[in-house]
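What follows is one structure encoded as structure tokens, with my remarks underneath.
None of the figures in this text is laboratory data; all of them are computed from the coordinates on show. Treat the numbers as computed from the prediction; the structure is a model and nothing was measured. Cβ: placed from backbone, ideal geometry, glycine included. Neighbour counts: every protein chain shown.
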Amino acid sequence: MNDAKEIGSYKAFWPFYVSQHRNKLCRNFHFVGTTFVFACLYLGIAQSPWFFLAMPFCGYAFAWFGHFVFERNTPATFQYPLWSLMADFQMFAYMCAGRMDREVKRMGVLKSEP
């Protein structure tokens, strides 16, 4: 992973996070995982609290798969769990709004797709 030890704020973390998600397939796996997290949240409220236990597994399984297979880097979650979670939700919102590809370009971290 890029040396993120010097990052001292979420504002400074976001560009690092974007740089770790250059590959669109990785971002798409994050999106699917976060969608399942929201589904588990809904089901946990509507059906059974047992669905709350599935939330981290759904989110991280898809996200980490994307990192290990497509980005070939270490997830930022390992070093910055809270900021990484916040950034996951920010990226999800940007993707819903159709803004994430533009954000990756804005940060200047484009990577050729496989």
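Computed values, structure above
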{"quantity": "Label-to-label distance, nm, for residues given as Val109 and Phe68 (7 Å Cα→Cβ offset)", "calculated": "2.1"}
{"quantity": "Length-normalised contact order of the chain in % [C-alpha pairs under 8 Å, at least 6 apart]", "calculated": "37"}
{"quantity": "Given charges at beta-carbon only (K, R positive; D, E negative), |dipole| of the chain in Debye", "calculated": "300"}
{"quantity": "Per-residue ³J(HN,Hα) for the stretch 54-66, Karplus 6.51 cos²θ - 1.76 cosθ + 1.60, θ = phi - 60°, Hz, x for Gly and Pro", "calculated": "7, 3, x, 5, 4, x, 6, 4, 5, 5, 5, 4, x"}
{"quantity": "Equivalent ellipsoid semi-axes - Cα gyration tensor, the chain, angstrom", "calculated": "24, 15, 13"}
{"quantity": "Residue-averaged [θ]222 nm for the chain, counting only DSSP H segments that reach four residues, each worth -39500 (n - 2.57)", "calculated": "-21000 deg cm²/dmol"}
